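The values are calculated or read from the model by the stated rules, or taken from the named source; none is laboratory data. Keep in mind it's a predicted model, so treat the numbers as computed, not measured. All Cβ positions, even for glycine, are placed from backbone atoms using ideal geometry, and neighbour counts span all protein chains on display. Note: areas computed on protein heavy atoms with side chains; ligands, DNA, RNA excluded. Shrake-Rupley method; radii C 1.70, N 1.55, O 1.52, S 1.80 Å.
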Amino acid sequence: MRRKGNLPVKTCAICGRPFAWRRKWARVWDEVRYCSERCRAQRRSAAHDDGHDQAGDRAR
């Protein structure tokens, strides 16, 4: 078992904040890139945002 002071730390790819290892990430720690669901959702919305106003496009 690890002590809290010895947990590995990564930096979030979206917000840049450091976050520590969590037990639920034990098997996928190498794949974890985001500190929270909110940052994961921002990644998705940023990838789909191409600079066009989608609501305006639908109104035409």
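Tabulated data
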item: Whole-Hz ³J(HN,Hα) from phi, Karplus 6.51 cos²θ - 1.76 cosθ + 1.60, for the range 26-35, glycine and proline x; result: 3, 7, 10, 4, 5, 9, 5, 10, 10, 7
item: Heavy-atom accessible surface of the range 1-44: percent carbon and sulfur, 1.4 Å; result: 46 percent
item: Accessible surface ranking that places the most exposed of Arg43, Arg3, Arg17 first, with a 1.4 angstrom probe; result: Arg3, Arg17, Arg43
item: Label-to-label distance, nm, for residues given as Arg3 and Glu31 (7 Å Cα→Cβ offset); result: 3.2 nm
